[in-house]
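Have a look at the structure below, then the notes.
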Amino acid sequence: MIRDVGMGSDHPVAVQSMTNTDSHDVEATLAQVEQLAALGAAIVRVAAPDMDAVPAVAEVARRASVPIVADVHFDYRIAIAALEQGVDAVRINPGNIGGLEKLRAVVETAKAHDAAIRIGVNSGSVEKELLEKYGHPCAEAMVESLEKYVRFCEELGFKQLVLSVKSSDVPEM
């Protein structure tokens, strides 16, 4: 569940989109969230590019009619702050936030706030050891990376996961 939207299992497909406003601008971002909701989006991602954006993204989450996922890159502390300030979920790429201990901190915070985590793995962030194993960022490497993070989260007793794998190479995808 992401707020009141069920995903997977017997739940219907939930359309998700992402804003392209400056996330620091609460009113513009909230207006775009509501436009997306009116067009059928059940969940909306909002970029949280830096720590300064977190209060604005959290305010959007408090006021939005649909669940808000903070889209975080590189800094696990932004994900933790967003969860602590009330976003419904975070989107992270464990391969670029600095290792399993930092992922553990995000998972523990999500558990404490009954929030979901979207694990996003993409061809541009496959771990060095998997690139060495497979020779390039291929589907097998991305799936192996995702499986590693899912197992880690489940070992911590966390299963509120949304999984995402993508490649910029269309045939590979």
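The values are calculated or read from the model by the stated rules, or taken from the named source; none is laboratory data. Because the structure is a prediction, the values reported are computed rather than measured. Reconstructed Cβ throughout: ideal geometry from the backbone, glycine too, with neighbour counts over all protein chains shown. Accessible surface is based on the protein model in full, side chains and every heavy atom, while ligands, DNA and RNA are left aside. Shrake-Rupley method; radii C 1.70, N 1.55, O 1.52, S 1.80 Å.
Ordering Leu161, Leu83 by how much accessible area each has at a 1.4 Å probe, largest first, what is the list? Could the numbers behind the result be given before it?
Working: Leu161 40, Leu83 0 Å².
Sorted descending by solvent-accessible area, the residues read Leu161, Leu83.
Summing Cβ point charges (Lys, Arg +1; Asp, Glu -1) relative to the Cα centre of the chain gives a dipole of roughly 240 debye. Roughly how far apart, in whole Å, are the Cα centres of region 25-41 and region 66-128? First find each Cα centre; the distance between them is then 22 Å. For Asp22, Asp10, Asp88, the ranking by accessible surface with the largest value first comes to Asp10, Asp22, Asp88, using a 1.4 Å probe. Computed with every protein chain present, the accessible area of Ser168 is close to 110 Å² [probe 1.4 Å]. Close amide H contacts of Met18 (hydrogens built in the peptide plane, cut-off under 5 Å, sequence separation of 5 or more or a different chain): Arg45. Once all protein chains are placed together, Met18 keeps about 70 Å² accessible to a 1.4 angstrom probe.
Nearest 10 degrees is fine. How inclined is helix 26-38 to the longest principal axis of the chain, computing both from alpha carbons? Roughly 80 degrees between the two axes. Measuring spread by the Cα atoms of region 1-155 yields a radius of gyration and Dmax of 15.7, 47 Å. Averaged over its residues, region 44-89 has an accessible area of 37 Å² per residue, based on protein heavy atoms and a 1.4 Å probe. Here the gap between Leu131 and Ser9, fully extended at 0.36 nm per residue and compared with their Cα-Cα distance, gives a gain of 40.7 nm.
Extension gain Ala28-Lys159, at 0.36 nm per residue separation less the Cα-Cα distance, in nm? Present the calculation step by step, with values, prior to reporting the outcome.
Details: separation 131, 0.36 × 131 = 47.16 nm, distance 3.32 nm.
Full extension from Ala28 to Lys159 adds 43.8 nm.
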